[in-house]
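The values are calculated or read from the model by the stated rules, or taken from the named source; none is laboratory data. Given the structure is predicted, the values throughout are model-derived calculations rather than measurements. Neighbour counts run over all protein chains shown; Cβ positions are idealised from the backbone, glycine included.
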Amino acid sequence: MKQFILISTALLLSISSLAQEKLPVIAPYHAQNIRELYLDSVNHHTALKTILHEDTSSMYTQQDTTKRSWFYRKLFKEHLFEFRQPEYNVFIDFLPDFQIGKSNRDKTPWLNTRGARIQANIGRNFYFETSFYENQGVFPVYLDSFVAKRRVIPGQGEIKYNDQIGKSYDFSYVNALLSYTPNKYLNLTLGYGNNSIGDGYRSLILSDIGFSYPYLKLTGTLGQFQYTSMWAQFMDLSDKSFGQAYEDLGYNKKWGVFHYLDWNASKKLTIGLFDAVIWPDTDSSGKKRGFDWSYMNPIIFLRPAEYSAGSSDNALVGMTVKYKLFPKTTIYGQLMLDEFKLKEMTSGKGWWGNKWSTQVGFRSFDLFKVPKLDLQGELNIVRPYTYSFRNGQGNYAHYNQSLAHPMGANFKEVLGIASYTYKRWYVRGQLTYAQYGLDPVAAESYGQDIFKSYENRLQDYDNKTGQGIKTDFLYGQGTVAFVLNPKYNLRLELSAAGRQETNELKTKREFIFSFGLRSSFRQLYYDF
């Protein structure tokens, strides 16, 4: 963080006067604007995110001759601070997220977030971004249950209790990104954040639902092929906690290596191949293992390397597919294998090691010929014990949150999302239905909780998706927002959400209404 501040300070001090912008802005695509890649006649690589692009729109926009006050321009049209030079651009924004709401469970949820972000690009090759968020808040009852169990706010890190402010949570976190593109064939990214692979709202391969982690990512593009190798460090919160004995060590670390090959097979069809290996920082005897250099090999499908290293690390392989069915409709899918034996897969006996997940979905744009009326539908199925391991240092998780789906495993889910944008108005509706199986007692595992060892399974065969306490889940949310400033997505937002979880033991219902002044392009997932 100190290095990022020094870099940004040096850039700011070097600016003596503002000049007409001659350099296009380098910026990441976000969920609100990535639609243009699907609508383009060119078949873009869209599965691997974050995606950087050159925004040349402001270079050719006619200047507004109306005299506007500084306050008006900063509130509605510009970044808080903008420094544009022929050689570089620097943007600084204050990112508030102030919300107040009401829950039928006799709670008044609220959020007080003060954030800041610095973005800069030097020439066309270098992009830099860092953001910081300091938060206090009170959350709905169902999120309180998640926090009590996992000790983290979904996607935002560990909490500490603040009894002085209404028994609220206090938490903060930082994200950072350094990206260098020396030519059109290669990109190097060093970051502290998260990544996503897939074209769906959910990802069963690698998702952005969790907390930030350090990573190094190399991406090469040649013709119709895009190939990525990424190395990351994760944390396991289950075995150790910060205390006097571990004051200098902190939580247990674990490592991950990921490879993804994306092939635009035609103007309509894209096929992706994926693999990942997760390994602990220490071996079974407690000896420090650290980063395993045998995994520096950038070639995809490292299962042979794992065996040659004499280890039993957690390996996963997967596949993605995207097909442009119509000019404004794209279908997509994923398949992930956490364990595979053809004999057991075809026997139909429900072997516990048949650990796989699959996804199929679609995106439709400008529905009924209405501009920016979009619809997305998706089906996700995850078998019991998928993503789990014999211990927390090998499961497919980081910071007590899954690296894939927020519901873990042992479920079926169908969801639909509709959104509409008109000028500065934004409307979004979501409906999700899922069915999963919970564990009757904490010591047993029916396969939904990926943080439990799969060695706690009840049986080797006759395992079915949804086994355990059969639970029906229903979630709906509607949002209406007026975007004050699109530069950093500052908006007034009114939202209503309902959640219901029903099984033979009890029914949990909660309805939450909220209103707030919000900003930034963060994607936070509370719909589970």
TODO: Could you pull out the residue among 114, 124, 150 that is under 25 Å from the mean Cα position of the chain (by Cα), over 22 Å from residue 399 (Cβ atoms) and among the basic types (Lys, Arg)?
DONE: 114
- [ ] Collect the residues in region 278-293 that are in a strand (DSSP E or B) and out of contact with any Lys or Arg (no Cβ under 8 Å at 6 or more places or on another chain), keeping them in residue-number order.
- [x] 288
Open item on the list: All but one of (1) within 20 Å of the chain's Cα centre (by Cα); (2) polar (S, T, N, Q); (3) modelled with pLDDT of 95 or more hold for residue 156; state the number of the condition that does not hold.
Closed with: (3)
Task: Count - residues of region 416-445 that are in a strand (DSSP E or B) and either over 22 Å from residue 464 (Cβ atoms) or small (Gly, Ala, Ser) (or both) - done: 17
Open item on the list: Scan region 342-349 and tell me whether some residue there is over 30 Å from residue 235 (Cβ atoms) and of a type in the set (S, T, N, Q).
Closed with: yes
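Specify the residue that is surrounded by the fewest Cβ atoms within 10 Å (Cβ to Cβ); the eligible residues are those in region 301-325 that are of a type in the set (A, V, I, L, M, F, W, C) and either part of a helix (DSSP H, G or I) or modelled with pLDDT under 95 (or both).
Filtering region 301-325 down to residues of a type in the set (A, V, I, L, M, F, W, C) leaves 301-302, 305, 309, 315-317, 319, 321, 325.
Checking which are either part of a helix (DSSP H, G or I) or modelled with pLDDT under 95 (or both) leaves us with 301-302, 305, 309, 315-317.
Working: 301: 13, 302: 23, 305: 19, 309: 16, 315: 21, 316: 27, 317: 20.
Applying the filter and picking the extreme gives 301.
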Open item on the list: For residue 148, only one of the following conditions fails: (1) in contact (Cβ under 8 Å) with a residue 12 or more places away in the chain; (2) at negative phi; (3) not charged (D, E, K, R). What is its number?
Closed with: (1)
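May I ask you to list the residues in region 123-141 that are out of contact with any helix residue (DSSP H, G or I) (no Cβ under 8 Å at 6 or more places or on another chain), surrounded by fewer than 19 Cβ atoms within 10 Å (Cβ to Cβ) and either free of Cβ contacts under 8 Å to residues at least 60 places away in the same chain or not charged (D, E, K, R) (or both)? If you could, list the steps in order and put the result at the bottom.
Initially, region 123-141 is screened for residues out of contact with any helix residue (DSSP H, G or I) (no Cβ under 8 Å at 6 or more places or on another chain), giving 123-127, 129, 131-135, 137-138, 140-141.
Subset that is surrounded by fewer than 19 Cβ atoms within 10 Å (Cβ to Cβ): 123-126, 132, 134, 141.
Answer for region 123-141, where residues must be out of contact with any helix residue (DSSP H, G or I) (no Cβ under 8 Å at 6 or more places or on another chain), surrounded by fewer than 19 Cβ atoms within 10 Å (Cβ to Cβ) and either free of Cβ contacts under 8 Å to residues at least 60 places away in the same chain or not charged (D, E, K, R) (or both): 123, 125, 126, 132, 134, 141.
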- [ ] Could you tell me whether region 339-353 includes any residue that is closer than 16 Å to residue 454 by Cα and within 23 Å of the chain's Cα centre (by Cα)?
- [x] no
TODO: Can you tell me which residue among 461, 488 is of a type in the set (Ser, Thr, Tyr), loosely packed, with under 15 Cβ neighbours inside 10 Å and touching a residue at least 12 places away in the same chain (Cβ under 8 Å)?
DONE: 461
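Anything in region 494-505 that is among the charged types (D, E, K, R) and surrounded by fewer than 18 Cβ atoms within 10 Å (Cβ to Cβ)? List them, or say none.
504
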Task: Pairs where the first residue, in region 493-513, is in a strand (DSSP E or B) and among the aromatic types (Phe, Trp, Tyr) and the second is buried (at least 17 other Cβ atoms within 10 Å of the Cβ) and at pLDDT 95 or above, C-beta under 6 Å, 6+ apart - done: 513/101
TODO: Would you mind telling me which numbered condition in (1) in a strand (DSSP E or B); (2) crowded, with 24+ Cβ neighbours inside 10 Å residue 381 fails?
DONE: (2)
Open item on the list: Whether any residue in region 239-253 is modelled with pLDDT of 85 or more, exposed (fewer than 14 other Cβ atoms within 10 Å of the Cβ) and either assigned to a strand (DSSP E or B) or of a type in the set (A, V, I, L, M, F, W, C) (or both) is what I want to check.
Closed with: no
Open item on the list: For residue 455, only one of the following conditions fails: (1) in contact with a Lys or Arg (Cβ under 8 Å, 6 or more places away or on another chain); (2) modelled with pLDDT under 95; (3) part of a loop (DSSP other than H, G, I, E, B). What is its number?
Closed with: (3)
- [ ] Please indicate, with yes or no, whether at least one residue in region 383-390 is at pLDDT below 95 and touching a Ser or Thr at 6+ places or on another chain (Cβ under 6 Å).
- [x] yes
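If you scan region 151-165, which residues turn out to be on the phi > 0 side of the Ramachandran plot and either touching a Gly at 6+ places or on another chain (Cβ under 7 Å) or without any contact (Cβ under 8 Å) to a residue 24 or more places away in the chain (or both)?
As a first pass, look at region 151-165 and keep what is on the phi > 0 side of the Ramachandran plot: 151, 155, 157.
Matches in region 151-165: 155 only.
For region 363-373, state whether one or more residues are under 28 Å from residue 33 (Cα atoms), assigned to a helix (DSSP H, G or I) and either in contact with a strand residue (DSSP E or B) (Cβ under 7 Å, 6 or more places away or on another chain) or in contact (Cβ under 8 Å) with a residue 24 or more places away in the chain (or both). Full working, then the answer.
First, the residues of region 363-373 that are under 28 Å from residue 33 (Cα atoms): 363-373.
Checking the rest, the ones that are also assigned to a helix (DSSP H, G or I) come to 367-369.
From the residues that got through so far, the ones that are either in contact with a strand residue (DSSP E or B) (Cβ under 7 Å, 6 or more places away or on another chain) or in contact (Cβ under 8 Å) with a residue 24 or more places away in the chain (or both) too are 367.
Checked region 363-373: at least one residue is under 28 Å from residue 33 (Cα atoms), assigned to a helix (DSSP H, G or I) and either in contact with a strand residue (DSSP E or B) (Cβ under 7 Å, 6 or more places away or on another chain) or in contact (Cβ under 8 Å) with a residue 24 or more places away in the chain (or both).
If I filter region 279-300 down to residues being in contact with a Phe, Trp or Tyr (Cβ under 9 Å, 6 or more places away or on another chain) and of a type in the set (A, V, I, L, M, F, W, C), which single residue comes out as surrounded by the fewest Cβ atoms within 10 Å (Cβ to Cβ)? I'd like the intermediate steps shown before the answer.
Quick first cut of region 279-300, residues in contact with a Phe, Trp or Tyr (Cβ under 9 Å, 6 or more places away or on another chain) only: 279-281, 289-292, 295-296, 298, 300.
Now restrict to residues that are of a type in the set (A, V, I, L, M, F, W, C): 279, 291, 296, 300.
Working: 279: 24, 291: 14, 296: 11, 300: 16.
Ranking the candidates gives 296 first.
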Task: Per-region count, region 124-148, residues touching a Pro at 6+ places or on another chain (Cβ under 7 Å) and part of a loop (DSSP other than H, G, I, E, B) - done: 3
- [ ] Confirm whether residue 181 is outside any loop (DSSP other than H, G, I, E, B) and surrounded by 21 or more Cβ atoms within 10 Å (Cβ to Cβ).
- [x] no
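Within region 445-466, does at least one residue satisfy the condition of being in contact with a Leu (Cβ under 8 Å, 6 or more places away or on another chain) and closer than 30 Å to residue 363 by Cα? Steps first, answer last, please.
Within region 445-466, the first condition is being in contact with a Leu (Cβ under 8 Å, 6 or more places away or on another chain), and the residues that meet it are 445-446, 448.
After this cut, where a residue has to be closer than 30 Å to residue 363 by Cα as well, the list is 448.
Taking every residue of region 445-466 in turn, at least one turns out to be in contact with a Leu (Cβ under 8 Å, 6 or more places away or on another chain) and closer than 30 Å to residue 363 by Cα.
Could you list, in sequence order, all residues of region 422-436 that are aliphatic (A, V, I, L, M) and over 22 Å from residue 383 (Cα atoms)?
Once the filter is applied, which keeps residues that are aliphatic (A, V, I, L, M) and over 22 Å from residue 383 (Cα atoms), region 422-436 yields 427, 431.
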TODO: Would you please name the residue that is farthest from the chain's Cα centre (by Cα), looking only at residues in region 194-220 that are buried (at least 18 other Cβ atoms within 10 Å of the Cβ) and without any contact (Cβ under 8 Å) to a residue 40 or more places away in the chain?
DONE: 217
